[in-house]
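*Asks:* Below is a structure I'd like to ask you about.
The values are calculated or read from the model by the stated rules, or taken from the named source; none is laboratory data. In this text, all values refer to a predicted model and were calculated from it rather than measured experimentally. Because the Cβ atoms are built from the backbone with ideal geometry, glycine has one as well, and the counts that use them run over all protein chains shown.
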Amino acid sequence: MSVLIETQDLQKYFKTPRGWLHAVDGINLKIDEGQTLGVVGESGCGKSTLGRAVLRLQDPTGGKIFYEGQDLMAMNKKEVRSMCTKMQMIFQDPYSSLNPRMSIWQLIAEPMLINHMYKGDKEGLNKKIEELMDTVGLAKRLTHAYPHELDGGRRQRIGVARALSVDPKFIVCDEPVSALDVSIQAQILNLLMDLQRDRGLTYMFITHDLSVVKHISNEIMVMYMGKCVERAPKRELFSNPSHPYTQALLRAIPEPNIDKRGELQVLKGEVTSPINPKPGCRFAHRCPYVRESCLADGVELQEIAPSHFVACPYSSEING
Amino acid sequence: MAKHKVKATAGGGQSQTKEIIRRFKKNRSAMVGLAVFLIICLIAIFADVITPYSNAIDQIKGARLEAPSSEHWFGTDHLARDMFARVIHGSRYSVVFALVVSACALVISVVLGGVAGYYGGWVDNLIMRILDIFMCIPGDLLALCIVAAFGSSLPNLLVALIIGRVPATVRIVRATILGISSADYIEAAQCHGAKDARIIAKYIIPNAMGPIIVDATVNASRIIISVASLSFLGLGIQAPAPEWGNLLASAREYMRTCPWLVYLPGLALVITSLSINMVGDGLRDALDPKIRD
């Protein structure tokens, strides 16, 4: 399998009156073709910013992004724009991500029109849109409806159809189901997985919902305050979580079986400010196993098992 | 609804314009407003055909302060001029001012508000702070000061009214565009590779048009009142020109004995202003895709 997307030391800082906000801080990731990388973390940990930075929707402050070996950071604005036929995004909120002035036909046609596809071939365009609507499960009679006439699930299907219209290989899914009802969530997730199977799509799936990420991902990356704290294949991460933060996250999943329920350990403290963060482990202030050396610089990802990376030097001791 | 959907073709843009027109047509008060305003416009255009301008200016011997009759429909004023001709010709000032001033104010405001809202940063700050200074003075008072300072010629009056209207309109345009440019669908368009020009033309302007057009119509009806107020105070259109505010000002003294001299031009003023407001309300409802019929 070849690597489709790779980032090296990707950074995105925002300037604020109080200093630099480190939203994404030195992320290295690799996604193989046809695979799904799940990115999880709590609100404000920089996972959405990471997704936008990878697509260069927000210009990264530093680092490198490679798409099939091409360096995206070396491209100018025009070249980046041309990459949008290869990389697409599905947005979180299907209510605000669709232009209310456009009909479904226009919404799905828009990416193709922008990229001069089907130029002068109206029939081909109509056929393609019909196909796309069929693929994502939108009834043909809705072609000329407007987004406000539809429910959240159907709107999100438009979002999916629109992203697929330019036949991209890579799609960033930014919490595509978190604004939907649970029953609709399952439909959209199954749709995304079917599409991946049929078209060999590669996903970067951003979510805060661990059950969703468990359902869809091959590999999972856990983020905390702009840094990757743990990265591992799905099974490995769920069976052998090694970073104290990942452990806390997994423990927070409600367990319906009362006999299996262990003692609930709640994380103490608040997320510290991501503005000009102190060196050392960013989780140190909330970590139950914190040591003095955690506050010093040099907490890097280490491979503790094949393709299982943890940013905690004491993980083997903790898990004892 | 079903019939409409079958009718709409896959052409895109056009079908929505049709939809807006269809919804506007269904709104009875808006259609009445539009009809009344169009009639007033026609009266203004064909005022000379209805009655020559000389009738509005020339005095009629021995016919001072006459009550409405078959000869003089609206009676005559204190200088023995035919009120009907004066009211008819007065419509020209109101209609021209309403259209010209609100159109100019709209263009200036869309440019200033658009730049401030879309680009933000120091440009936004500069434009808005300067306008804040203008905002401190109420629009009509500002217009009054400008006319009083530079003299009440027609260009001065136009400029004064435009300046009086611009600050509030810029705020509305800026706020509208600010809200739209941070919407997710703008980011989605960027993600599809759309250029700035396309985003402005197909995303920002169509979504901003509703509030802006409604504001322009509200402005038009306010301008009619403003022109009349300035003329009433003697700073607008100068006598003997038959501007409605002028008619009211000179009729004021005879209000008890000859009330029609006040009522008739006053009524013309109210009907014109009201009809534009009704059109504005109808447009607002028709332009909002979320309001279903």
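*Asks:* Considering each residue of the range A:114-127, count those that are surrounded by 19 or more Cβ atoms within 10 Å (Cβ to Cβ) and either aromatic (F, W, Y) or closer than 14 Å to A:T85 by Cβ (or both), and give that number.
*Replies:* 1
*Asks:* Could you list, in sequence order, all residues of the range B:87-144 that are among the charged types (D, E, K, R) and touching a helix residue (DSSP H, G or I) at 6+ places or on another chain (Cβ under 6 Å)?
*Replies:* Those that are among the charged types (D, E, K, R) and touching a helix residue (DSSP H, G or I) at 6+ places or on another chain (Cβ under 6 Å): B:R92, B:D124, B:D140.
*Asks:* Taking the conditions exactly as written (farther than 30 Å from A:Q88 by Cβ and within 14 Å of chain A (Cβ to nearest Cβ)), does B:A228 satisfy them or not?
*Replies:* no
*Asks:* Another question, if that's okay. Within the range A:30-50, identify whether any single residue is farther than 24 Å from B:Q190 by Cβ, among the aliphatic types (A, V, I, L, M), surrounded by 23 or more Cβ atoms within 10 Å (Cβ to Cβ) and assigned by TED's automatic domain parsing to the domain that holds A:L192, and answer yes or no.
*Replies:* yes
*Asks:* Follow-up. Hey, A:Q88 hits all of (1) over 28 Å from A:I184 (Cα atoms); (2) touching a helix residue (DSSP H, G or I) at 6+ places or on another chain (Cβ under 7 Å) but one; which does it fall short on?
*Replies:* A:Q88 satisfies every listed condition except (1).
*Asks:* Turning to a different aspect of this structure: Quick one: which helices (runs of 4 or more DSSP H) sit completely within the range B:175-293 and have at least 2 residues that are under 26 Å from B:G139 (Cα atoms)?
*Replies:* In the range B:175-293, the matching helices (runs of 4 or more DSSP H) lie at B:205-232, B:244-251, B:260-287.
*Asks:* Quick check, is B:K195 over 27 Å from A:D151 (Cβ atoms) and within 14 Å of chain A (Cβ to nearest Cβ)?
*Replies:* Answer is yes for this residue.
*Asks:* Same structure again: Hey, can you tell me all the residues within the range B:161-192 that are among the polar types (S, T, N, Q) and free of Cβ contacts under 8 Å to residues at least 40 places away in the same chain?
*Replies:* Matches in the range B:161-192: B:S182, B:Q190.
*Asks:* Kindly check whether there is at least one residue in the range A:145-152 that is of a type in the set (G, A, S), more than 8 Å from chain B (Cβ to nearest Cβ) and within 22 Å of B:G179 (Cα to Cα).
*Replies:* There is at least one residue in the range A:145-152 that is of a type in the set (G, A, S), more than 8 Å from chain B (Cβ to nearest Cβ) and within 22 Å of B:G179 (Cα to Cα).
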